[in-house]
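Following: one structure in structure tokens, then a few remarks.
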Amino acid sequence: MKQNPHKSLPQFVRYILVGGFNSVFGYFLFAFLNWYFTGLGSYSYMYAAVLANVVSISVAFLGYKWFVFRTRGNYLIEWIRCFGVYGGSSLIGLVGLPILVPILRRSLQKPEDAPYIAAAILTVLTVIFSFLGHKKFSFRPKSVEDAPDANSEPPRG
């Protein structure tokens, strides 16, 4: 059974809100942890990055679960799937940048802007990929009966 397309736009807007908040949260968490871990060696930023990613993905997971997709139960399974989707999204950037940057460098008047433009383009693609991945994989309902309606309340506790 197909989902009502009128429910998808508000869901996508909620997804963007949670993702936007989480991007800011994740960056500031990384900055704080990077400052806090200073003195742990020349690669202390990697400790900060790993920990900030785990925490910010977990925070995003809860926002997506409760506010965007409004699923019930399955916390561990959905959390693991959420990490899997973010891993797939990361691959888009890692593979796409070395392909897109040289193409843009040849076609831009200011070739030094190519990495920034490529990253912006890939960010849009990863947002769409992540939304679809979370909707169809991380937070998919087990059956049509499990799918929440547009007016359902987020789960508590």
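The values are calculated or read from the model by the stated rules, or taken from the named source; none is laboratory data. Fair warning: this is a prediction, and the values are worked out from it, not measured in the lab. Positions of Cβ are backbone-derived with ideal geometry, glycine not excepted, and every protein chain shown enters the neighbour counts.
Summary table
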read-out: Some residue of region 41-57 being of a type in the set (Phe, Trp, Tyr), in contact with a helix residue (DSSP H, G or I) (Cβ under 9 Å, 6 or more places away or on another chain) and within 22 Å of LEU125 (Cβ to Cβ); value: no
read-out: Cross-chain or 6+ apart pairs with Cβ under 9 Å, region 80-103 first and farther than 20 Å from LEU51 by Cα, then of a type in the set (Phe, Trp, Tyr); value: ILE92/PHE129
read-out: Criterion violated by LYS65 - all others in (1) touching a residue at least 40 places away in the same chain (Cβ under 8 Å); (2) outside the structural domain of PHE12 (by TED's automatic domain parsing); (3) of a type in the set (D, E, K, R) satisfied; value: (2)
read-out: Restricting region 23-76 to residues that are surrounded by 15 or more Cβ atoms within 10 Å (Cβ to Cβ) and among the β-branched types (Val, Ile, Thr), the residue that is nearest to PRO141 (Cα to Cα); value: THR71
read-out: Qualifying residues in region 128-157 (those that are over 19 Å from SER58 (Cβ atoms), assigned to a helix (DSSP H, G or I) and of a type in the set (A, V, I, L, M, F, W, C)) - the one modelled with the lowest pLDDT; value: VAL144
